[in-house]
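The values are calculated or read from the model by the stated rules, or taken from the named source; none is laboratory data. Only a predicted model underlies this, so the values are computations on that prediction, with no experimental measurement involved. Note that each Cβ is placed from the backbone with ideal geometry, even for glycine, and that neighbours are counted across all protein chains shown. Only protein heavy atoms, including side chains, enter the accessible area calculation; ligands, DNA and RNA are left aside. Shrake-Rupley method; radii C 1.70, N 1.55, O 1.52, S 1.80 Å.
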Amino acid sequence: FNGIDGLVYRDIPQPKLTNHGVLIKVTTLPVVPTDWKRETNAHATSEQLTSLPRTIGIGAVGQVVAVGRDRDAALLHQRVLVMNPTGSYSAYLLSENPAFIFPLPDDVSDESAAALTAGPGTALALKEAIEQHSATNIIITGANSVIGLYLLQMLRPTTHHLYPVVSPSSQAYFHEQLPALTSYTPETLPQLDNPLIIDIAGNSALLDAITTHCGHASIVSIALMTYDSHTPFQFVHEKFDPAHYQTFIRQLATHDLIAPIDRIFPVTQTKEAQHYAHDSHSRGRVLVTFNH
């Protein structure tokens, strides 16, 4: 657990097809914060993933190249999004869970499908938290992030008053993505009473400033598990549901959902890709590909 630079590339045997398995040749993988957190801190991952060495990654896109005897033969040659929480960064993946494989229509690219990993599912959990709350003023920190952009797409149309908060350096990018919405910096945010703060940024100092500026706020966060304040606080996370991902894929196909994508690196530059995603302002999901 020495961080991004502790990653190593290794040749391993190709997985052997099982009766219940589907063998997938991987093309595209997302770079997600979960990876570098698990690479740095053994306490940031579940017990079964603390045994090293292990393969990083939780999702991938690829083409089915072999199907086991007890699986649907129609999957052969299909492009699929696959969830593989035990590790996805391999040229070939063996998936034995039918609920974790999602065939892709022709009009959904590998890149857009890969960007569904660790994105809209979390945004949907935040949308549900907003709908369950009585507040009409919704402040969203980290609104220019991948999850923030997914959430704001999901909230259109809405009767809520939305106040996306982004840094000054991210405002131009935010307006390129969602030109119909007004964004705010912490300095330009109006004084609001009883707002619900949707915390995507995970910046305690920013939350302190907003709660001081606005009266009687509540906070729902995906980035902080606790917040040392008298402000009502709730941590939420994605509850994986295959039906949600089938919906996200259909929405990509109809352009009702747009996947924000920044840069694509060859898989041999995974460390560089993670550093770029970790150290840069969010400009969309960073991906790596075996196609190079």
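Summary of computed values
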item	result
Residues (open to solvent by less than 30 Å² (accessible area, probe 1.4 Å) and more than 22 Å from Asp279 (Cβ to Cβ)) located in segment 174-210	Leu178, Ser183, Leu189, Leu192, Pro195, Leu196, Ile197, Ile198, Leu207, Ile210
Among (1) open to solvent by 20 Å² or more (accessible area, probe 1.4 Å); (2) more than 26 Å from Tyr245 (Cα to Cα) - the single one His160 does not satisfy	(2)
Test result for Lys25, within 22 Å of Arg10 (Cα to Cα) and in a helix (DSSP H, G or I)	no
Positions within segment 29-51 being modelled with pLDDT under 95 and more than 24 Å from Gly202 (Cα to Cα), in sequence order	Glu47, Gln48, Leu49, Thr50, Ser51
Count of residues meeting criterion [more than 21 Å from the chain's Cα centre (by Cα) and either among the polar types (S, T, N, Q) or closer than 19 Å to Pro13 by Cβ (or both)] in segment 70-96	5
Subset of segment 102-122 that is of a type in the set (D, E, K, R) and either touching a Leu at 6+ places or on another chain (Cβ under 7 Å) or under 18 Å from Val288 (Cβ atoms) (or both) - its residue that is surrounded by the fewest Cβ atoms within 10 Å (Cβ to Cβ)	Glu111
Hits in segment 123-132 - residues which are crowded, with 16+ Cβ neighbours inside 10 Å, out of contact with any helix residue (DSSP H, G or I) (no Cβ under 8 Å at 6 or more places or on another chain) and either of a type in the set (D, E, K, R) or over 19 Å from Ser183 (Cβ atoms) (or both)	Ala125, Ala129
Where a residue in segment 250-279 is without any contact (Cβ under 8 Å) to a residue 24 or more places away in the chain and on the phi > 0 side of the Ramachandran plot and its partner, wherever it lies, is of a type outside the set (Phe, Trp, Tyr) and surrounded by 20 or more Cβ atoms within 10 Å (Cβ to Cβ), with Cβ under 8 Å and at least six apart	none
Checking Asp11 against (1) open to solvent by 80 Å² or more (accessible area, probe 1.4 Å); (2) in contact with a helix residue (DSSP H, G or I) (Cβ under 8 Å, 6 or more places away or on another chain); (3) in a loop (DSSP other than H, G, I, E, B), the condition it does not meet	(2)
Residue in segment 21-28 that is at pLDDT 95 or above, open to solvent by 30 Å² or more (accessible area, probe 1.4 Å) and farther than 23 Å from Gln274 by Cα present	no
Residue check, Ser229 of a type in the set (S, T, N, Q) and surrounded by fewer than 17 Cβ atoms within 10 Å (Cβ to Cβ)	yes
